[in-house]
1. Under the rule a/c < 1.5 gives rounded, and otherwise a/b versus b/c splits prolate from oblate, where does segment 219-329 land using the Cα gyration tensor?
2. Give, in nm to one decimal, the length gained when the segment between ASP81 and GLN154 is fully stretched (0.36 nm per residue of separation minus the Cα-Cα distance).
3. Which percent, to the nearest 5, of DSSP beta bridges fully inside the chain are antiparallel?
4. Each residue of segment 185-200 in order: what ³J(HN,Hα) in whole Hz does its phi give by Karplus 6.51 cos²θ - 1.76 cosθ + 1.60, θ = phi - 60°, with x for Gly and Pro?
5. Name the trypsin sites (Lys or Arg not before Pro) in segment 1-37 that are in a loop by DSSP and that have at most 12 other C-beta atoms within 10 Å, would you?
6. Got a sec to turn the phi values of segment 236-252 into Karplus ³J(HN,Hα) couplings, 6.51 cos²θ - 1.76 cosθ + 1.60 with θ = phi - 60°, whole Hz, x for Gly and Pro?
7. In straight Cα distance, which aspartates and glutamates are under 18 Å from LYS161, not counting same-chain residues fewer than 8 positions off?
8. Using Cα positions and a limit of under 18 Å, work out the aspartates and glutamates in reach of LYS34, with same-chain residues fewer than 8 apart set aside.
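Read the figures in this text as sums done on the coordinates, not as results from a lab. The shown structure was predicted, so the numbers you read here are calculated from the model rather than taken from an experiment. Cβ: placed from backbone, ideal geometry, glycine included. Neighbour counts: every protein chain shown.
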Amino acid sequence: MPRIAVIAGDGIGVEVIGGALQVLRRVNERFGTKLEFVEFDWGAEKYLREGITLPDGALQMLRSEFAAILLGAMGDPRVPDNRHAADILFGIRFGLDLYANVRPVRLLHEKLCPLKNARLEDIRFTIFRENTEGSYAGIGGSFKKGTPDEVSVQEEIHTYKGVHRIIEYAFEYARERSLTSVCMSDKSNVMRYAGELWLRTFDDIKARYPGIKPSHLYIDALALLMIRQPQQFQVIVTNNMFGDIVTDIGAALQGGLGMAASGNINPNVTSMFEPVHGSAPPLAGKNIANPMGAILTSAMMLEHLGLAEAARAVEAAVVGCINEDKTTSDIGGRLGTREVAAAVTGKL
């Protein structure tokens with residue numbers, strides 16, 4: 001029986017993960033998947049109450065006892081430095097070496113896209129963001145802080161191992177799904193040292209996949225073409241910071257952050273799946289947050305666990321609700337969080 005660690009987290013995370021769990025429990029009933037959900041109270045409330053962020057032994061427990069992790073959102077204004085969020089989210093991401101942030105960008109209905117005359121087939125690609133290195137490695141420091149002579153240094157870290165495995169993962173994803181193109185994006189015309197490593201590694205790996213057309217774009221050109229010609233993309237792979245930016249462009253193309261799913265994946269260990277909209281404290285407890293991103297994230301998790309039929313059924317249920325305007329206000333509907341989750345569950 002696959003065990004799923006559920007961390008609802010903070011803010012609207014509690015509500016949207018509640019909706020996703022409702023859908024997943026219906027999946028158990030319909031498909032006999034026998035998923036077991038174990039809920040953990042890690043988040044701001046526990047930190048404020050007990051001073052605990054990620055408990056001792058948590059990583060080993062997640063690695064050895066669970067098939068996947070379903071995470072809601074982290075962040076609470078009562079913890080000004082969001083230490084608990086960093087410890088839990090980055091602790092799991094780095095501790096389990098979840099090196100691939102996988103962000104599918106799928107337009108589920110033309111009315112959700114801000115682009116004029118966009119068709120469903122125009123926006124259907126996946127972004128692979130390197131997830132453990134780059135600008136977010138946390139290397140740097142400050143000198144003479146708070147004085148007119150203050151100096152701050154923030155360093156990027158790129159390793160051959162890190163670059164190689166994310167580019168290879170992107171090509172393998174394309175090959176397994178009979179896709180025909182992979183675009184690597186960087187800023188190697190300016191960031192010469194890291195760029196050279198990415199370009200050289202991309203050239204080495206692309207030669208092993210003769211059936212896949214490789215391309216290279218500078219990140220500013222990629223951002224422009226994602227808006228003007230999104231239909232040209234199937235798989236995009238880039239570094240941590242650039243991936244953070246262009247995945248939000250992708251989310252906008254599919255209806256906003258409330259529709260965006262993601263997975264933090266290492267195929268050799270327990271992987272973590274989370275919607276990407278953040279904890280949105282001002283919206284918490286008002287029954288207005290869009291749960292579809294969390295529900296689509298749970299579909300990603302199902303597919304990762306080898307439950308493709310159930311994953312497609314969940315996606316189809318979401319599409320059915322969008323077609324009938326059974327949605328929250330951010331994408332034009334009039335329902336609340338709980339009502340949308342119930343509607344998707346009903347479609348199953």
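1. Values: a/c = 1.42, a/b = 1.17, b/c = 1.22.
Verdict is rounded for segment 219-329.
2. Details: separation 73, 0.36 × 73 = 26.28 nm, distance 1.83 nm.
Using 0.36 nm per residue and subtracting the Cα-Cα distance, I get 24.4 nm.
3. Taking every DSSP beta bridge with both residues in the chain, the antiparallel ones total about 40 percent.
4. Coupling constants for segment 185-200: 10, 8, 9, 5, 6, 10, 8, 5, 6, 5, x, 4, 5, 5, 5, 5 Hz.
5. On the way: sites: ARG3, ARG25, ARG26, ARG30, LYS34; in loops: LYS34.
Taking segment 1-37 and a limit of 12 other Cβ atoms within 10 Å, the loop trypsin sites (Lys or Arg not before Pro) found are LYS34.
6. 10, 10, 7, 7, 5, 5, 4, x, 4, 6, 6, 5, 6, 4, x, 4, 4
7. Partners found: ASP97, GLU130, GLU133, GLU172, ASP186, GLU196, ASP203, ASP204.
8. The qualifying aspartates and glutamates are GLU65, GLU303, GLU309.
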